[in-house]
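So the structure is just underneath, and the comments pick up after that.
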């Protein structure tokens, strides 16, 4: 899926390393994204966070696409 960067929000977030020897780097997801997805599903943002995982898709360092999948 291609998107126009002109139609996106831009907000900077600090990255944090976690896990043994900094095995993973975390980045915050903007609250507006969670609120919008929760509203689409007719649930609260808190319920969305409990029920869904964020999925990162990437194949290079030009960008990462995030989607959400419900926990099974």
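The values are calculated or read from the model by the stated rules, or taken from the named source; none is laboratory data. Bear in mind the structure is a predicted one, so any value in this text is a computation, not a measurement. Reconstructed Cβ throughout: ideal geometry from the backbone, glycine too, with neighbour counts over all protein chains shown.
Quick rundown of the values:
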quantity: Count of the range 16-72 residues which are touching a strand residue (DSSP E or B) at 6+ places or on another chain (Cβ under 8 Å), in contact (Cβ under 8 Å) with a residue 12 or more places away in the chain and part of a loop (DSSP other than H, G, I, E, B); calculated: 2
quantity: Subset of the range 1-23 that is modelled with pLDDT of 85 or more and loosely packed, with under 10 Cβ neighbours inside 10 Å - its residue that is nearest to the chain's Cα centre (by Cα); calculated: 18
